[in-house]
Amino acid sequence: MSRSVRTRPGASGRALSEAYDTALLDLDGVVYAGGSAIVHAVESLAAAREGGMHLAYVTNNALRTPDTVAAHLTELGIPADAGDVITSAQAVARLIGDQVPQGSRVLVVGGEGLRAALRERGLVPVESADDDPVAVVQGYGGPELPWGRFAEASYAVARGVPWFASNTDLTIPSGRGIAPGNGAAVEVVRIATGAEPQVAGKPLPPMHRETILRTGAERPLVVGDRLDTDIEGAFNGGVDSLLVLTGVTDGVRLLAAPPRHRPTYVDADLRGMLTGQPEVVAAGGGFRCGGWTATAGAGALELDGDGTAMDGLRALCAAAWTAAGDGVCELDGSKALARLGL
């Protein structure tokens, strides 16, 4: 899909929850962190829902079933049904189901979320390469996944059995820090076999297709904290996105984002769904948002004025992305970001 290069954050005269019919929300780093809701998430989502916006929760984590995820959200004070949850396990199960007959055996390396998604598509999960599988699928299986599961996958893939992966996120957040994700597990089988899997999860099209099929969204807004999954997934799907700064992305990464990682909107947290987004305008050789003006100087991004941190960040994004064009901004923005407390 051909699209123009984004050089500044977008503006909206209406609250985003009114301008879009469905929010496609990432979970870790957006709605919750570890076992707890992120600040402002519960009340912001309640207000968006009460205003008529459909909320869907989209995760690359294939371990938990939609029922389990919905129960967790409900416990946090965010009422949700299993039908509100879309997982990469569902996306990869559909990808497999489109290529093999119903009733086919699929060797599973992962957890119950992956097995449940395969059964939903009429496929039969099996545990051994000797069970004559017609496909192999890998999804995050949690820290207790036995090493022998990778051997079973490798045996089958080496025999030429088609290989699928729910996602290839190298890391996953946990209550104790950052842990290896499914992408790290996929690398084990890749090293052993030299093969390449078909991948379904964010940022690739099969995941976006799954969310649209399951939600029926006509004007979706992707809401996420990761540039390389959430925002790139929105870019690949040709839909708008909101980046929130409650997860892994900081100001430095945002200013250096290549075109496919540049969000439509930027805000501190999910309260940004309930407001309009200010316009960033060209002014005096730079870009102004609110009371701030950002310019691309000699080797550095410069910021003048006063106002909210988010307005300053939006102005800096416009200066950085315009300077970078279709590349990556290499100007130093650290001093400007420090002035904003970011």
Checklist (1) out of contact with any Pro (no Cβ under 8 Å at 6 or more places or on another chain); (2) touching a residue at least 60 places away in the same chain (Cβ under 8 Å); (3) within 17 Å of ASP267 (Cβ to Cβ) applied to ASN60, failing item
(3)
Going through (1) in a helix (DSSP H, G or I); (2) closer than 19 Å to VAL266 by Cβ one by one, VAL30 fails only at (1)
Of VAL92, VAL109, which residue is within 27 Å of PRO203 (Cβ to Cβ), crowded, with 21+ Cβ neighbours inside 10 Å and assigned by TED's automatic domain parsing to the domain that holds PRO180?
VAL109
If I filter segment 66-87 down to residues being small (Gly, Ala, Ser) and assigned to a loop (DSSP other than H, G, I, E, B), which single residue comes out as surrounded by the fewest Cβ atoms within 10 Å (Cβ to Cβ)?
GLY77
Picking from ALA165, ALA185, the residue that is over 22 Å from TYR20 (Cβ atoms), surrounded by 22 or more Cβ atoms within 10 Å (Cβ to Cβ) and touching a Lys or Arg at 6+ places or on another chain (Cβ under 9 Å) would be ALA185
Picking from LEU25, LEU55, LEU63, which residue would you name as being crowded, with 19+ Cβ neighbours inside 10 Å and in contact with a Lys or Arg (Cβ under 9 Å, 6 or more places away or on another chain)?
LEU55
Given the structure, is ALA318 in contact with a helix residue (DSSP H, G or I) (Cβ under 9 Å, 6 or more places away or on another chain) and either crowded, with 21+ Cβ neighbours inside 10 Å or among the aromatic types (Phe, Trp, Tyr) (or both)?
no
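The values are calculated or read from the model by the stated rules, or taken from the named source; none is laboratory data. Nothing here was measured: the structure is a model prediction, and the numbers come from that model. Reconstructed Cβ throughout: ideal geometry from the backbone, glycine too, with neighbour counts over all protein chains shown.
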